[in-house]
Amino acid sequence: MWQNLEIMAEKFAFTYEERKRMASQTADILTEEIGLKGDAIEAVQLIPEIEAGHISLDEVEQKYGPSVSRILHGLNRIEQLYDKNPSVESENFRNLLLSFAEDMRVILIMIADRVNLMRQIRDTENVEAKLEVSQEAAYLYAPLAHKLGLYKLKSELEDLSLKYMEHDAYYIIREKLSATKAARDAYIDRFIKPVEQKMMAAGIRCHIKGRTKSIHSIWQKMQKQKCPFEGVYDLFAIRIIIDCPLEQEKMQCWQAYSIITDMYQPNPKRLRDWLSVPKSNGYESLHITVLGPEQKWVEVQIRTERMDEIAERGVAAHWRYKGVKGETGLDEWLTNIRTMLEHADGLDAMDQFKMELYEDEVFVFTPAGDLWKFPLGATVLDFAYHIHSKLGNQCTGGRINGKVVPIRYELKSGDQVEILTSANQKPRQEWLNIVKTSRAKSKIRLALKETQVKDGLFAKEMLERKFRNRKIEQDDSIMFNVIRKMGYKEVSDFYKAIADGALDTNDVIDKFLELRDKEAVVTGDNQARSASEFELDESKIAGLNQQVNDDVLVIDRNLKGLDYQLAKCCSPIYGDDVFGFVTVNGGIKIHRCDCPNAPELRRRFGYRIVKAKWSGKGSSQYSISLRVIGNDDIGIVNNLTSIISKDEKLVLRSINIDSHDGLFSGNLVVMLEDTSRLEALIKKLRTVKGVKQVDRI
């Protein structure tokens, strides 16, 4: 980091003596405005000596100890980040600085040095360097100061940046603030005096002051609201600072709030309660906007002396108090500081502390200097998929800071990552165990699925080509049995096994021939005949009658056990959507909701229709008629009936087929249990080669 400071010194033509003076001024800012002392101050004083080559880092450690050396090493480590040309205005870069510096004193020194530099370059002739320094102050150092609660230094950095970058706007606002100062001060007095009297009467010890908003804050409002200076109504805020014991802080703050809102009408939408839940950097206060004298809106901030010091001095002020609540890693760090202070001597405890704010995150660079955040444990493969799916799918490894690493390499903060690829690389199942981010996992799953589909299509085409080469006609129904017999539940798994080489196509064809030759027909003569020659031997199905129905049907208002009949017009079965129809003699007939007669029954006899639904499954079987239409190919009837005969839970009751001009149409009557089995049967029958249509009658 001191190299960076040295470069700045060269740009502004600072001499060695001026750098020594500036180091001393930076040390004063650290001591007086932040609260640091000890090794941090010694480290700052040594920076000009190291720049001038009067002392080395190794000599610093020998002469001043490891703590001072660690701070200077941290400053140098930050310089390595700047060498990667990052975008300093990004939130990720600010977070990386906080995690990369290791020691919080490094960050505080950086902020103090930039404040001092901004104060010194007012009259410099190097306009380009002044703009560069101002932009960094606005984009990087002011947000860092805000993150650490150093609000006074943050405001100074913002105002000076605006002064150097938007010279005319800065001075216009400053002049208008000066012109309205007398009227503003008089109004503040009129607002404060009655409030002070009420506070004293209530026994609240406090002092009240008006604070004009910073020039940068006013300029931001003008930009955001697209209005002139006169359009910004809240140019100032009233601050009520209460002097009370720690245990009475909340009570007295809310009491003051009650007094203010009794005196002036509050705007409930502008209430900000950082008293109950402090900001992540420890800021505590109660903000309310009220309608003051002359119908002007006034922002009122209510806080205690302790809270005010924390608001003004940020992190440093935390070291003096206990019991500050918080919600992020920064507050956990502050809690650790307070614990150490109980067993150490004041701020000197800081000299032995190593900061670990962002232990669950890593920040890494692209070759172009872009900075990205990943969870701890993320790998090169995560990085590749973050850029693009194609890059991830073809990733073979990476180059970290110039060194080649495998895809499993876990990223570390500050790494500069370049992805290595190969056109022959493909995603693998085990990659899911390598990546950490859900984004990479979902992209790998998608790529694996797409690869499986492509491989499956290739395997299917290869198998069909083998069938053609051996002059074997492929039958879909037999092929389905082959897949099942070979132990595959899914067709996609079957073709994947062929694509992976785990299953030989010759073995598949042999199994196909074996099953084809064993196919038996219902007629019993094992000869494939056309539909025109088919006659059903009805003796084999004689005596098959529908069993007594023991399925549970709930009728009307949850009534069970009522006598009913299944309507012959639509032959409902278990699983169908049904309704009941009360006949003239008082009996109930059950119809399917899509029964051809249903619309007429509802139109003419709506008052005789009752609700009905299936409630429990028994062992009943139902007679179902199916209409089949297709080409009259040799073996078509055998294939249809063999599908039914192979299923032990299906019974073929009758078959009636007509054939003419090479086409056949027929009715099959089968016994089955419910709609799910019916749908499965229809699906299988439709796979038979030559079948064009299968419908329930």
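The values are calculated or read from the model by the stated rules, or taken from the named source; none is laboratory data. Just so it is clear, the structure is predicted and the values come from calculations on it, not from any experiment. Neighbour counts are summed over all protein chains in view; Cβ atoms, including those assigned to glycine, are modelled from backbone coordinates with ideal geometry. Surface accessibility is based on the protein's heavy atoms, side chains included, excluding ligands, DNA and RNA. Shrake-Rupley method; radii C 1.70, N 1.55, O 1.52, S 1.80 Å.
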Exercise for the section: For an R0 of 22 angstrom, estimate the FRET efficiency from the Cβ-Cβ distance between Lys390 and Leu457 and round to the nearest 0.05. Expected result: 0.60
Exercise for the section: Over segment 458-498, average the accessible area per residue using a 1.4 Å probe and give it in Å², no decimals. Expected result: 66
Exercise for the section: May I ask you to give the percent of accessible area on segment 575-642 that is carbon plus sulfur, with a probe radius of 1.4 Å? Expected result: 49
Exercise for the section: With all protein chains present, calculate the accessible area of Leu446 using a 1.4 Å probe and round the result to the nearest 10 Å². Expected result: 100
Exercise for the section: At a temperature of 20 °C and a viscosity of 1.002 mPa s, determine how fast segment 137-256 diffuses translationally according to Stokes-Einstein, using the Kirkwood radius over alpha-carbon pairs as Rh; express D in µm²/s, rounded to the nearest whole number. Expected result: 129
Problem - Per residue accessible area in Å² of segment 384-452, where ligands, DNA and RNA are left out and the probe is 1.4 Å - result: 58
Handout entry: Separation of the Asp370 and Arg470 label points, Cα + 7 Å toward Cβ, nm
Key = 5.3
Practice task
Could you run the Karplus curve 6.51 cos²θ - 1.76 cosθ + 1.60 with θ = phi - 60° over segment 294-307 and give me ³J(HN,Hα) per residue in whole Hz, x for Gly and Pro?
Solution key: 6, 6, 10, 6, 10, 8, 10, 10, 10, 7, 9, 4, 4, 5
Exercise for the section: Report, as a whole number in µm² per second, the diffusion coefficient that Stokes-Einstein gives for segment 18-57 at 4 °C and 1.567 mPa s using the Kirkwood radius over alpha carbon pairs. Expected result: 126
Handout entry: Calculated FRET efficiency for the pair Thr687/Ser615, C-beta based, R₀ 30 Å, to 0.05
Key = 0.35
Completion exercise
Answer check: segment 393-459, Cα atoms, Kirkwood Rh, Rg/Rh ratio of 1.04
Exercise for the section: Assign unit charges at the C-beta atoms only (+1 for Lys and Arg, -1 for Asp and Glu), then state the dipole size of segment 586-697 relative to its Cα centre in Debye, rounded to the nearest 20. Expected result: 760
Exercise for the section: Quote the FRET efficiency, to the nearest 0.05, computed for Thr212 versus Arg77 with a Förster distance R0 of 41 Å and r equal to the Cβ-Cβ distance. Expected result: 0.55
Practice task
Calculate, in nm to one decimal, what Ser24 and Glu305 gain on full extension: separation in residues at 0.36 nm each, minus their alpha carbon distance.
Solution key: 98.2 nm
Fill in the blank from the handout: Rounded to the nearest 10 Å², the 1.4 Å probe accessible area of Lys37 is 100
Practice task
May I have the pair-distance distribution P(r) for segment 371-416, computed from all Cα-Cα distances with 5 Å bins from 0 and rounded to whole percent?
Solution key: 5, 25, 34, 27, 9
Problem - Protection-proxy order for peptides 282-291, 430-439, each taking the mean of Cβ atoms within 10 Å per residue, highest first - result: 282-291, 430-439
Exercise for the section: Would you please give the residues with an amide H less than 5 Å from that of Arg653, counting only those at least 5 places away or on a separate chain, with H modeled from the backbone geometry? Expected result: Val669, Val670, Met671
Fill in the blank from the handout: For segment 596-691, listing GluC sites (Glu not before Pro) in a DSSP loop whose Cβ sees at most 16 other Cβ atoms within 10 Å gives Glu648
Handout entry: Added length on full extension, which subtracts the Cα-Cα distance from 0.36 nm per residue, Glu59 to Arg445
Key = 133.4 nm
Handout entry: Accessible surface, per residue, of segment 224-280 when the full set of protein chains is kept, probe 1.4 Å, Å²
Key = 57
